[in-house]
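Contents: one structure, followed by commentary.
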Amino acid sequence: MKAQELVDTANRMVADDKGLLAMDESNPTCNKRFAKLGIPQTVEARRAYRELIVTTPNLGECISGVILYDETIRQQKKDGTPFVKVITDAGIIPGIKVDAGAKDLAGHPGEKVTEGLDGLRERLAEYSQMGARFAKWRAVIAVGDGIPSRGCIEANAQALARYAALCQEAGLVPVVEPEVLMDGDHPLERCSEVTEQVLRAVFKQLYTQRVMLEGMILKPNMVLPGSTCPKQESVDEVADATVRCLLRAVPAAVPGVAFLSGGQSGELASAHLNAMNVRFKSRMPWGLAFSFARAIQQPALEIWRGEDAHVLAAQQALLHRARCNRAARRGEYSGAMEEKAAITVGN
Ligand code: 13P
């Protein structure tokens, strides 16, 4: 029964060409983004911003699930309606980030391991009671001279697998996120090699920890050149490299691959996802979807800047990026969608 529910939820998360909206920035990360735009770094400002997101009209047309943070899942609209109710009423599945962040890995300078397994069973039970139906855990893997190390990859892969097993025990679909970072001047081939190595290690551990692949979602990075690499491949080349890597390392039983955006602009993230679907969709065993934070939220945040008067325009910008990404899942995204939106906002 529980297994079937997990499979049903995982399939709903990637059905109808929709995707996930990550709005689970920890308080320090959210505050950092607010500070850059001169927005006060207060509980109330964070609440108001999250209210803006979850009350965006028609968001459920493009978004199947939203990922919340511990503070947010406990918050309400100004009128007292719990966010979880607003989200569920919009036909969107509530999810929750459950890791406790990436911490320095002892003995491995420059590398991190994600913590948060202690007490996780109890926290998952509470979140499930609050209405969450899926969870997220992010591991970060840096690329550089001599890194990632085997120690870093294995420690993170094992933590992801233990988290995923606990989620399934609690009836929550685990979103398994091993993020190979874009930072650095390494070429695309290096990102490809590291991403394949990491994904193989993660699936080996998922198997060892008896995680049911049909009841999970993979949230990987796209295969990209380092952000300061002088050679930046074309959109089609990135799409080819990403799909090649996934086909080598991701079992066909997984229902969906929902990419993180990792610091790409909204337009580029949509273009990459679109190219993958144009070129490969009919031949892929899993849905190629999105689970973006910055690539959906950033323009909206820049418009809002903490001002009530900007809420509607910010919501329009958010919905626009969500629509672009749904179109990208269908292979129907184009630069014309951006121009049309610019004209509408200009008017
Ligand atoms: P970005 O899309 O901004 O990379 O964030 C996705 C996410 O949820 C990171 O954990």
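The residues on offer are ARG210, ARG200, and the sole one that is of a type in the set (Lys, Arg), modelled with pLDDT of 95 or more, assigned to a helix (DSSP H, G or I) and closer than 18 Å to ALA161 by Cβ is ARG200. Among the numbered conditions (1) crowded, with 18+ Cβ neighbours inside 10 Å; (2) within 15 Å of the ligand (Cβ to nearest atom), the only one that GLU302 does not meet is (1).
Of the strands (runs of 3 or more DSSP E) entirely within region 1-112, those holding at least 3 residues that are open to solvent by less than 50 Å² (accessible area, probe 1.4 Å) occupy 19-22, 63-68, 93-97. Exactly one residue among ALA135, ALA155 is within 19 Å of the chain's Cα centre (by Cα) and either at pLDDT 95 or above or buried (at least 16 other Cβ atoms within 10 Å of the Cβ) (or both), and that residue is ALA135. Scanning for something charged (D, E, K, R), away from the ligand (no atom under 16 Å from the Cβ) and out of contact with any helix residue (DSSP H, G or I) (no Cβ under 6 Å at 6 or more places or on another chain), does region 313-328 turn up at least one residue? Checking region 313-328: at least one residue is charged (D, E, K, R), away from the ligand (no atom under 16 Å from the Cβ) and out of contact with any helix residue (DSSP H, G or I) (no Cβ under 6 Å at 6 or more places or on another chain).
Among the residues of region 260-299, just one is of a type in the set (Phe, Trp, Tyr), surrounded by fewer than 24 Cβ atoms within 10 Å (Cβ to Cβ) and not in a helix (DSSP H, G or I), namely TRP286.
Screening the candidates ARG323, ARG329 for the property of being open to solvent by 20 Å² or more (accessible area, probe 1.4 Å) and closer than 22 Å to ARG12 by Cβ yields one hit, ARG323. Residues in region 116-141 that are in a loop (DSSP other than H, G, I, E, B) and in contact with a helix residue (DSSP H, G or I) (Cβ under 8 Å, 6 or more places away or on another chain): GLY116, LEU117, GLY131, ALA132, ARG133.
Checking each residue in region 242-275 for being in contact with an Asp or Glu (Cβ under 7 Å, 6 or more places away or on another chain) and more than 16 Å from the ligand (Cβ to nearest atom) picks out CYS245, ARG248, ALA249, ALA253, PRO255, ALA275.
Selection over region 216-241 of residues that are within 16 Å of the ligand (Cβ to nearest atom) and either surrounded by fewer than 23 Cβ atoms within 10 Å (Cβ to Cβ) or among the aromatic types (Phe, Trp, Tyr) (or both) gives a count of 2.
The values are calculated or read from the model by the stated rules, or taken from the named source; none is laboratory data. Being a predicted model, the structure only gives us computed values, none of them experimental. Glycine gets a Cβ as well: all are built from the backbone with ideal geometry, and neighbour counts include every protein chain shown. Note: areas computed on protein heavy atoms with side chains; ligands, DNA, RNA excluded. Shrake-Rupley method; radii C 1.70, N 1.55, O 1.52, S 1.80 Å.
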